[in-house]
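Presented below is the structure to which this report refers.
The values are calculated or read from the model by the stated rules, or taken from the named source; none is laboratory data. Fair warning: this is a prediction, and the values are worked out from it, not measured in the lab. All Cβ positions, glycine included, derive from the backbone under ideal geometry; neighbour counts span all protein chains shown. Protein only, heavy atoms only, side chains kept; ligands, DNA and RNA dropped before computing areas. Shrake-Rupley method; radii C 1.70, N 1.55, O 1.52, S 1.80 Å.
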Amino acid sequence: MRVLNLGPDPSLAYRPDYLQKDKEEFRNFESGDLYDRVFNTYKLMHTYQTLDFVKKKHLEWANCNRFRMTMMDSINSLDELVDESDPDVDFPNSFHAFQTAEGIRREHPDKDWFQLVGLIHDVGKIMALYGEPQWAVVGDTFPVGCKFQNSIVFRNSSFEDNPDERNHALNTDFGIYKPQCGLDNVLMSWGHDEYLYRVMKFNKCTIPEEGLSMIRFHSFYPWHCNGDYMHLCNDKDLQMLPWVKEFNKFDLYTKSTELPDVERLKPYYQSLIDKYCPGLLQW
């Protein structure tokens, strides 16, 4: 795929009035050219993402003993990945990384850590390049171990074969959890959000807590867009929620078929990587 040079001001491509689609057209899970691909990915996810499955994946990935790689190399590797759960775009994920980062850079020029989060937030998707099926990597996330809420994408047509759906102990609002236990104590469906969060913590990266929450929960749409699962949240979660919502604006609305001049942007973002998550990281 050829990278397009957008000229002297790449940030123009990320302004909402420059996008090819209205905001209301994003996250269309009801129709479109990519509908079948998206639905099939979520159907598999909602069938196999169980409490036991998530516990197993934590043991397999969260110890970060698979390989070593720099952050920029991990971003570059996303050239090989097209997210099968995304109804909005059909180009490699690495371009979306720079689109998101540049959108944040324009509106938050004083928060370099926020810009870096925009760049790296999807890097956990490299699990798909190491044998994980996309339904265990991409897409919206949700808690396991308690009732699946109605705001989950395709809720009414994709969970019927999930064994947790038939487990009465896991089908209450709280399930295995306690009221206001905090999302740090909740097991989310396994995917790139949780994995990258674990990588950041394992490697002692210095991104602030607000940025770590963006990484960990940016795909948790039932929470940050629909207000579900608030009964599990503590004070910290409520403080982090506005930051996750702010991040979501750029994650979603910077998507465009106008692709950035990645090579021109790399030196700046490499300086942020060197500041917050330098060198070879354990994955």
Problem - Farthest positive-ward along region 98-151 dipole, Cα basis, beta-carbon charges - from W113, C146, L129 - result: C146
Practice task
Could you sort out which of K56/K249; K43/K111; K57/K111; K201/K245; K111/K147; K178/K275 sit more than 28 Å apart by Cα distance in this structure?
Solution key: K56/K249; K43/K111; K57/K111; K111/K147; K178/K275
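Any idea what diffusion coefficient region 68-219 gets from Stokes-Einstein, in µm²/s, Kirkwood Rh on alpha carbon pairs, 25 °C, 0.890 mPa s?
Working: Rh = 16.8 Å.
Roughly 146 µm²/s, to the nearest whole number.
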Problem - Share of alpha-carbon pairs per 10 Å distance bin for region 112-177, given as whole % - result: 18, 35, 31, 16, 2
Practice task
With all protein chains present, calculate the accessible area of Y221 using a 1.4 Å probe and round the result to the nearest 10 Å².
Solution key: 20
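Which sequence of Y35, Y276 reflects their accessible areas, 1.4 Å probe, from the largest down?
Numbers: Y35 70, Y276 25 Å².
Output order, biggest surface exposure first: Y35, Y276.
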Problem - Diffusion constant of region 151-213 at 10 °C, which comes from Stokes-Einstein with the Kirkwood Cα-pair radius and 1.306 mPa s, µm²/s - result: 110
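Which whole-number value in Å² is the accessible area per residue of region 132-250, probe 1.4 Å? Walk me through the intermediate numbers first.
Working: 4660 Å² over 119 residues.
Per residue, region 132-250 has 39 Å² of solvent-accessible surface.
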Problem - Heavy-atom SASA rank of C181, C233, C225 (probe 1.4 Å, accessible area, largest first) - result: C225, C181, C233
Practice task
Report, to the nearest whole %, how much of the accessible area of region 107-215 belongs to carbon and sulfur atoms, 1.4 Å probe, protein only.
Solution key: 48
Handout entry: Dipole magnitude of region 202-283, debye to nearest 20 (Cβ charges: Lys/Arg +1, Asp/Glu -1, about Cα centre)
Key = 140
